[in-house]
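All of the numbers you see were taken from the coordinates with simple rules; none came from a lab. Quantities reported herein were computed from a predicted structural model and do not represent experimental measurements. Please note: Cβ atoms are built from the backbone with ideal geometry, for glycine as well, and neighbour counts cover all protein chains shown.
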Amino acid sequence: MKHASLFIVIFLLGLVASTLNSPAFADKEDRQLTRQIKKKAVKNARKEAKKFKRQKWYVAPGALPMDKQVQKAWELQYMEDEDGYPLYIVATGNSVAETQSAAKLQAMELAKLELAGLVQTNVAALIENSVANSQLNNEEAASVTKTVAASKNIIAQEIGRVITMFEIYKKIDKNVESSVRIGYNTELAIETAKKTIRKKLEEETEILHEKLDKLLDF
């Protein structure tokens, strides 16, 4: 009887495990997660869009309505990778110019620079944790710190096509103010920064390739 009970328990556990690992269950979980993200995004989007409208912001002719643009932004901001980290690094930029196109261009450049700064900060923290394992001497470690600190503008130049989450405008006397929010895949951003920093270190220092491999192994 005990053997029969044990067999039933093992069978049930196997059935549960099989169900949890099945594609159908995974699809159901994904759908539930998508619904949760959308629900939270809609709530935040409505609140933020109302605030923008009160402040006289508007969207460009032919663009998606403000509510939809802001909702898209929040949905992307809530997305996570398989480890629970944000899927996108998000940055904003604001600029005032005589024309809408000039204001948008400047706002995008500022947003990219902010994005590069966020990437630089993340990579600097990861590199700091790797310094001890890469067996760098004090001089080499100082060179790495200096190169990473000066890498923001270079990273900004290397960042590829970003996702424009939303773009809105407001009249400021005879000028136009542009506000944009952009996103860039976190993993891709980290890899771009690593390549950029490695190239600079190879050009400006004599740190061995083996040490650089260990330093940037994250």
Estimated inter-spin distance, Lys53 and Thr164, nm [label 7 Å along Cα→Cβ]: 2.2 nm
Per-pair calculated FRET efficiency, R0 = 22 Å: Tyr85 and Glu191 via Cβ, rounded to 0.05: 0.95
Cross-link reach list, aspartates and glutamates versus Lys40, counting only Cα pairs under 16 Å and skipping chain neighbours closer than eight places: Asp30, Glu48, Asp67, Glu75, Glu80
Segment Ala102-Ala124, extension gain: residue separation times 0.36 nm, minus the distance between their alpha carbons: 4.6 nm
Förster-model FRET efficiency, 35 Å R0, Asn94 and Glu139, C-beta, rounded to 0.05: 0.25
Per-pair calculated FRET efficiency, R0 = 30 Å: Val42 and Lys171 via Cβ, rounded to 0.05: 0.60
Euclidean distance between Cα centres, segment 145-210 to segment 72-114, Å: 12 Å
Spacing of the two label points (7 Å from each Cα toward its C-beta) at Asp217 and Lys146, in nm: 2.7 nm
